[in-house]
Structures are given as C-alpha cells and as structure tokens.
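Peer 1: Quick one: the structure is below, and I'll ask about it shortly.
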Amino acid sequence: MHNQMNTEDKCYDEFLRADVLWDKGEHRKAFLLLRKLVDQKYVHAIHNLGYFYDEGIGTKKNVPQALGLYKRAWAIDRQTDSGINIAKAYAALDRPDLQLRWLRKLLRFRDSDVALEYLKLMRGSARTSTIQRCIALCNEALSWSNATPSTKEEIFEIGKVLQSLKPNKNS
C-alpha cells in the first residue's frame, strides 16, 4: 500500500510539473512528460495528453489519437470532461451521430457543461418534440449545483431561443 501511494504521489508531482511546463509555453517538454505518465496509467495525464493531441500542443494534431486517449481516461474514472471531449472529437471527425450518442449518455450525470454541449448541438432541430425536451433540459440544468454562472447564462439564453421556436398552441 505504501509503495502504491508513493507511485501515485510521484505521478501527481510529475503531472504538476508538466502543467507548469505547459503554462510556461514549453509545450514539447510538457507533452513528453505527459506521455511518460500515460505509460504509468495516470488518468489525468491520459486526459491531458488527449487534449495535446486534440489541439496539436507540443505535437502534431491527431484527433483519432486524442479520441483514443479520452476513451481510455473515461474507462478509468468516468469524468464528464473526458466524455465531453469524446463527443467533441467525434464532431471533429464528422461523426455527429456518435457525438450525440455520447452527449445523451453523459446527460445522466447531471452535469451542466454536458447539458450545454447537448443543447448547442440540438438547438437547430425543428422537431417540436426535440424543442420541448431541450426546453425541459434547460430548466432542469439551471438548477444543477455544478452550473457556473457563465454556463447558466448560456443555458438560459438557449432556453429563450428555444421558447421562441416553440409552436403556439393557438396557431
């Protein structure tokens, strides 16, 4: 047990070091350090290395590689940030069907950032039932405890647009 904690502590320290390198603009060094931590199965490094590949930070942009890393991080700890990035990677790979599937899967975690991504994707739908479901989601997501003020504001604005699209019962 002591050896396991020692390894986790070392990984955490190295992860923080990679973060400092990233902040200092030493992207390639941060990338290489994260890659080393990925080999040790450190989940935060796996997620961040996916982001580096996704954005081309310290390496050539490679969305399929990023997607694989996000999925690997998701399999370990089910963090919604990894799930959102999986959905965004599918969008970048022109797979809106899989993007939508992931966002729907993530909604069960009641995360306001997930709700916002889903609503952004769905707000263009002309189907009355979809508009009504999205309005209900807006109202629900605004009450979730993890919603930041800026996320709440975006959700509220999308809700207003959706309300304006809702068919009038008197028409």
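Peer 1: Hey, what's the Cα Rg ratio for the stretch 1-96 versus the globular rule of thumb, 2.2 N^0.38 Å? If you can, show how the numbers build up before the last one.
Peer 2: On the way: Rg = 13.5 Å, N = 96, 2.2 N^0.38 = 12.5 Å.
For the stretch 1-96, the normalised Cα radius of gyration comes out at 1.08.
Peer 1: Taking a 22 Å limit on the Cα-Cα distance, which of the listed pairs 24/71; 88/166; 36/71; 61/120; 61/105 fall beyond it?
Peer 2: Over 22 Å Cα-Cα: 24/71; 88/166; 61/120; 61/105.
Peer 1: Can you put 86, 131 in order, fewest other beta carbons within 10 Å first?
Peer 2: Ascending Cβ contact count within 10 Å gives the list 131, 86.
Peer 1: If every alpha-carbon in the chain counts as one equal scatterer, what log10 I(q)/I(0) does Debye give at q = 0.14 1/Å?
Peer 2: One equal scatterer on each Cα of the chain leads to -0.82.
Peer 1: May I ask you to list the trypsin sites (Lys or Arg not before Pro) in the stretch 100-143 that are in a DSSP loop and have at most 14 other Cβ atoms within 10 Å of their Cβ?
Peer 2: 108, 127
Peer 1: Determine the calculated [θ] at 222 nm for the chain from helices alone, applying -39500 (n - 2.57) to every DSSP H run no shorter than 4 residues and normalising by the residue count; nearest 500 deg cm²/dmol.
Peer 2: -24500 deg cm²/dmol
Peer 1: Evaluate E = 1/(1 + (r/R0)^6) for residue 9 and residue 120, where r is the Cβ-Cβ distance and R0 equals 41 Å; express this FRET efficiency to the nearest 0.05. Walk me through the numbers on the way to the answer.
Peer 2: Working: r = 39 Å, r/R0 = 0.95.
So, using R0 = 41 Å, E works out to roughly 0.60.
Any read-out appearing in this document is the output of simple, stated calculations on the displayed coordinates, not a laboratory observation. These numbers come from a predicted model, not from an experiment. In this analysis, Cβ positions are derived from the backbone assuming ideal geometry, glycine residues included, and neighbour counts consider all displayed protein chains.
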